[in-house]
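See below for the structure under consideration.
The values are calculated or read from the model by the stated rules, or taken from the named source; none is laboratory data. What you are looking at is a predicted structure, and each value in this text was computed from that prediction instead of being measured. For neighbour counting, all protein chains shown are included, and Cβ atoms are generated from backbone atoms with ideal geometry for every residue, glycine included. Ligands, DNA and RNA are excluded from the accessible area calculation, which covers all protein heavy atoms including side chains. Shrake-Rupley method; radii C 1.70, N 1.55, O 1.52, S 1.80 Å.
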Amino acid sequence: MKKKSKSSALFIFIIAVIGFLAFAGFKGFVVGGYEFKSFDKVITRGLDLQGGASVLMEIQQDKVTKEELESTKEHLSLRVNKLGVAETIVTTEGQKRIRVDVPGLTNSKEIVDSLSQSGKLSFKGPDGQEILTGTDVKKATAQINQQQGGYEIGLEFNDEGTKKFAEATGKFVGQKISIYLDDKMIQEATVQVQINDGRASITGKSTLEECKATAGLINSGALPLPVKAVSVNNVGAELGVTAFPNSVKAGAIGVLLVFLFMLIHYRIQGLMANIALTLYITLTLFVFVEVGVTLTLPGIAAFLLTIGVAVDANILIFERTKEELAKGFTIKSAVKKGSENALSSIVDSNVTTLLAALILYSMGTGAVKGFAITLMIGIVISLFTGLVVTKLLVNLAVDCGLINKLAHLGSIKKGAKKHA
């Protein structure tokens, strides 16, 4: 009785935790002014679900090393994110092409202009000699001009830049210093006093967006190699308006049918599998949020595919359990032996799928990589829920008396013992 009570308490606790996680993830809640957002508010959607711009940039140089390609990619990624755009996807294609996908932003001209500029910043004295460069700038930020209103770009120099700027402003008091970006003068100012605090500002930009874009160019520095846009595609959000809800609806119907099948065919044992599958779906979506997975239509397909993989592990265990029951083992012994005997088959099938996903990720691009990442995450979590959670729930259900008849397992086979 004591063991039964402990098993019952643990069983109820696990069910409560899974129920809370599922409720928090799918519905969200507010506690003490803090909002725990639901999955539909925090999971990032790709271009095919919310629209955006896709720009393919090509390095204008015949021979490009892998290091140069990666360096250019990082510069472009930093630059486009400084436009104030979140969840950009920057990937390399081939030996000298880089694709930049920007969900939610359809102004492709602004993106192309920002990506194509070199971003070389320089300060020049009245004699035309270069005083400082972008390498002397520690940080550039868009900010409000406290004296005149409007917006400006605040510059903070590093130690070397502070020293150079102090010398230059001391030397050219009463004269003009010009600031150039990509050989284009963006500001010219007369030095009133020597500036020793390592700070300066660039005015003349009319909007906050312009200041953010210019600050982004300065922060990312000059591109290692010149690039040119060879393909620009604007993706409307109309596809996502219908595709995403339809995908969610199809997935919900598919999961519901799986739940019904498991309940009808495996009864209470199937109910335990459904609870574990609920945890699987919830954990997978939580991981998507934490890892920052950008959900696309191929990604949704991969996610639904992994639900089938997760169910397959349960079916293998349950069918093995039936085989042990047919040999005359008790329910408790059959449940234990069933999970042990199914282990190798489950691991083999999942490892094979995982290897296929790794190959897709290493050799694929764009949507293929997204499909592969989603598939890998799903497989790893399905192994946990299938081999650990389902097994634990079924064993607890046996211990606390929820499963004590063959009818609770869905079928009665010849030779099986009718009680636990």
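So the values come out like this:
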item	result
In Å, descending, principal axis extents of the Cα set of segment 1-84	78, 31, 25
Phe29 paired with Val289, simple spin-label distance in nm, labels 7 Å along Cα-to-beta-carbon	1.3 nm
Peptide ranges 248-260, 292-304 listed from the most packed, as the mean C-beta count within 10 angstrom indicates	292-304, 248-260
Exposure ranking of Asp348, Asp62 by accessible area [1.4 Å probe, largest first]	Asp62, Asp348
Test item: Cα-centred dipole of the chain, Lys/Arg +1 and Asp/Glu -1 on Cβ, debye	2720 debye
Reachable aspartates and glutamates from Lys41, criterion Cα separation under 20 angstrom, eight or more residues apart if same chain	Glu87, Glu238, Glu290
Which labelled figure in (1) 25, 53, 17, 4, 1; (2) 21, 38, 25, 13, 3, 0; (3) 26, 58, 16, 0 is P(r) over Cα pairs in 20 Å bins from 0, in percent, once derived from the coordinates	(2)
Length gained when the stretch Asp159-Val232 is fully extended (0.36 nm per residue, less Cα-Cα span)	22.2 nm
Long-range HN-HN contacts of Asn158 with modeled amide H, under 5 Å	Val137, Lys138
Degrees, to the nearest 10: 238-291 long Cα axis against longest axis of the chain	20 degrees
Estimated distance in nm for a label pair at Ser345 and Ala326, the labels positioned 7 Å out from Cα along Cα-to-Cβ	1.1 nm
Computed label-point distance, nm, for sites Thr65 and Ala356 using a 7 Å Cα→Cβ extension	3.9 nm
By accessible area with a 1.4 Å probe, ligands and nucleic acids excluded, highest first: order of Val347, Val311	Val347, Val311
Given Lys109/Lys212; Lys96/Lys163; Lys66/Lys163, the pairs whose alpha carbons are separated by over 27 Å	Lys96/Lys163; Lys66/Lys163
Share of carbon and sulfur in the accessible heavy-atom surface of the chain [1.4 Å probe, %]	58 percent
Residue-level accessible surface for Leu354, protein heavy atoms, 1.4 Å, Å²	50 Å²
With DNA, RNA and ligands ignored, accessible area of Arg267 (1.4 Å probe; Å², nearest 10)	110 Å²
